[in-house]
Structure formats: structure tokens, C-alpha cells
1. How large is ³J(HN,Hα), in whole Hz, for each residue of the range 84-91 in order, when computed from phi with the Karplus curve 6.51 cos²θ - 1.76 cosθ + 1.60 and θ = phi - 60°, using x for Gly and Pro?
2. If you add up the charges near I60, with Lys and Arg at +1 and Asp and Glu at -1, over every other residue whose beta carbon is less than 14 angstrom from its beta carbon, what do you get?
3. Residue-wise, which Karplus ³J(HN,Hα) couplings in Hz belong to the range 64-74, taking 6.51 cos²θ - 1.76 cosθ + 1.60, θ = phi - 60°, and x for glycine or proline?
4. Using alpha-carbon pairs under 8 Å, 6+ residues apart, how would you state the relative contact order of the range 44-124 in percent?
5. Around I126, under 10 Å between beta carbons, what's the net of Lys plus Arg minus Asp minus Glu among the other residues?
6. What FRET efficiency comes out for the pair C71/A100, r = Cβ-Cβ distance, R0 = 30 Å, nearest 0.05?
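Read-outs throughout are calculated quantities, based only on the coordinates presented, and are distinct from any laboratory measurement. Everything quoted here is computed from the prediction, not taken from an experiment. When we count neighbours, we look across all protein chains shown, and the Cβ atoms used for this are built from the backbone with ideal geometry, even at glycine.
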Amino acid sequence: MERYRYRIAPKAERTLSGRYAHHQSANTVKPDPMVQQVQVHGSYGSLLFDPRWKARRAEIMARDSSCCVICRAKEELQVHHRQYHFVKAANAFKMPWDYANHLLITLCKSCHQRGHSKFKVPTLSI
Ligand SMILES: [Zn+2]
Ligand SMILES: [Zn+2]
């Protein structure tokens, strides 16, 4: 009799779509890992054009002498996040420019893509 209390309640479906809502105009994207990656990293959609990201990106690239920290290439540089931070209180990911210096590194496009195909960027809930 007691056990009926513990019947499985329908899981909230908004867990993932809610988190990404501020990164996308419509919640049509399924929360599969690759899409998450694109949403929180990759292009960041319109956030890529945000002056705050442009400034942060320039800062990190300057620190890394404007070359890939792996192969020292100087072309097609991108700034990679070594972690993603999900801020529980805000129920949202940090803005891309809000990460500490040591979590941002300059990579060329090919090292960047290779890295992402090998490793999953850890997401920390803070
Ligand atoms: Zn490289
Ligand atoms: Zn990356």
C-alpha cells in the first residue's frame, strides 16, 4: 500500500530545453549532446557577435600570442572553453565572456575540432 506513493511521476520535460532557452529563439532543438555543444559553445549563435565576446576573445588570443596553443598555427583561430558553467541560481549557462582566463584557450580550427571530437567539455553546475 505504502509503495503506491512512490509511483514514478512524469519527469519534467523542461529540464534541458529550459536551460538553453536563452540561447535560442524557439525550443525546437532536441537536447542531444551535439546540439547542446553548439548551443553553449561553438558559434554561440548571436552571442558570437556580442562586443563583450569579441573583446574577451581578443584578450585571450593576445595572451596566447595569437596562435594555437597546441600547434602554434596563426590562422583560423578560435577561443575554446575548457568547461561550461551552469549557474543554478540563474538556471542558465554563464555568458561565454564570463569565464576565467584559465578556462579559455586559443586553438586553431582544426585542433579545436579535433579536441571536440575526442573530448566532451565538462559542464559544472555552480
Ligand atoms: Zn592548432
Ligand atoms: Zn571548444
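1. Values, residue by residue: 10, 10, 9, 8, 4, 4, 9, 6 Hz.
2. Numbers: positive: R52, K54, R56, R57, R63, R82; negative: E59, D64, D98.
Combined, the nearby Lys, Arg, Asp and Glu give +3.
3. Once rounded to whole Hz, the list reads 8, 6, 6, 8, 4, 6, 8, 10, 6, 4, 10.
4. Working: 99 pairs, mean separation 29.3, N = 81.
Answer for the range 44-124 is 36 percent.
5. Values: positive: K88, K94; negative: none.
Cβ neighbours under 10 Å give a net charge of +2.
6. Working: r = 24 Å, r/R0 = 0.80.
The calculated FRET efficiency here is 0.80.
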